[in-house]
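The values are calculated or read from the model by the stated rules, or taken from the named source; none is laboratory data. Please read these numbers as outputs of a predicted model, since none were measured by experiment. We place every Cβ from the backbone using ideal geometry, glycine too, and count neighbours over all the protein chains shown. The area values use the complete protein model at the heavy-atom level, side chains included, leaving out ligands, DNA and RNA. Shrake-Rupley method; radii C 1.70, N 1.55, O 1.52, S 1.80 Å.
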Amino acid sequence: MDHFSSKDMALSAQKKILSRMATKSSVQMFIDDTTSEILDELYRVSKGYSGNKSEAQKVIKDLVKIAVKIGLLFRNNRFSTEELGIATDFKKKLHQGAMTAISFYEVDFTFDNGVMSELLTSCRDLLLKLVNTHLTPKSHNRINHVFNHYSDPDLLTKLYDPSGTFRPNLTKICKGLDKLVEDGTI
């Protein structure tokens with residue numbers, strides 16, 4: 001079995017970004033255990049869907065890099081008042097997306113890939129607007145890569161198939177999302 005850990009990858013991304021303070025404890029400032037478990041399941045879904053281990057790793061690596069960079073910007077008070085408003089809108093949209101994902105999981109045959117795809121696209125657009133002046137075009141491409149990958153209607157349809165192979169992964173993802181919602185993280 002192939003070993004992949006989003007914590008290890010997050011640590012690697014942190015080393016590159018923070019170079020002087022790359023420690024396992026500092027990466028946990030940005031990515032907690034529940035989020036790490038969700039990322040591991042998203043990796044498994046991506047790998048199973050694409051059949052491409054390196055592509056699945058790249059998507060998760062891009063996601064972790066973006067999360068760490070945005071966390072750094074936020075913790076260092078780099079966002080203007082207007083941008084903080086956009087960040088609030090993003091968090092609300094992300095919360096709505098999590099609640100919708102959980103709802104579609106809990107009630108079989110209610111899944112609508114158009115709704116889920118639109119929520120993810122809206123999140124992507126808000127995130128790009130938030131980081132527009134703070135991150136490089138390469139980081140913008142990473143954001144597009146992640147959101148375009150996970151908003152793929154075919155991937156979403158297979159993920160939400162009640163009798164599909166990704167059902168165990170979806171169960172773990174939704175349990176993790178539920179915990180993050182309950183904790184107020186998203």
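The table for this structure:
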{"item": "Filtered residues of the range 143-186 (kept if without any contact (Cβ under 8 Å) to a residue 60 or more places away in the chain, of a type in the set (Phe, Trp, Tyr) and assigned to a helix (DSSP H, G or I))", "result": "147"}
{"item": "Any hit, the range 58-67, residues being open to solvent by 30 Å² or more (accessible area, probe 1.4 Å), aliphatic (A, V, I, L, M) and modelled with pLDDT of 95 or more", "result": "no"}
{"item": "Residue ID - farthest from residue 170 (Cα to Cα), chosen from residues in the range 31-57 that are of a type in the set (Val, Ile, Thr) and open to solvent by less than 30 Å² (accessible area, probe 1.4 Å)", "result": "31"}
{"item": "Close pairs (8 angstrom Cβ cut-off, 6 or more residues apart or separate chains): polar (S, T, N, Q) in the range 84-107, surrounded by 19 or more Cβ atoms within 10 Å (Cβ to Cβ) anywhere", "result": "96/119; 100/116; 100/119"}
{"item": "Residue under evaluation residue 89, criteria (1) farther than 22 Å from residue 46 by Cα; (2) in a loop (DSSP other than H, G, I, E, B), criterion not met", "result": "(2)"}
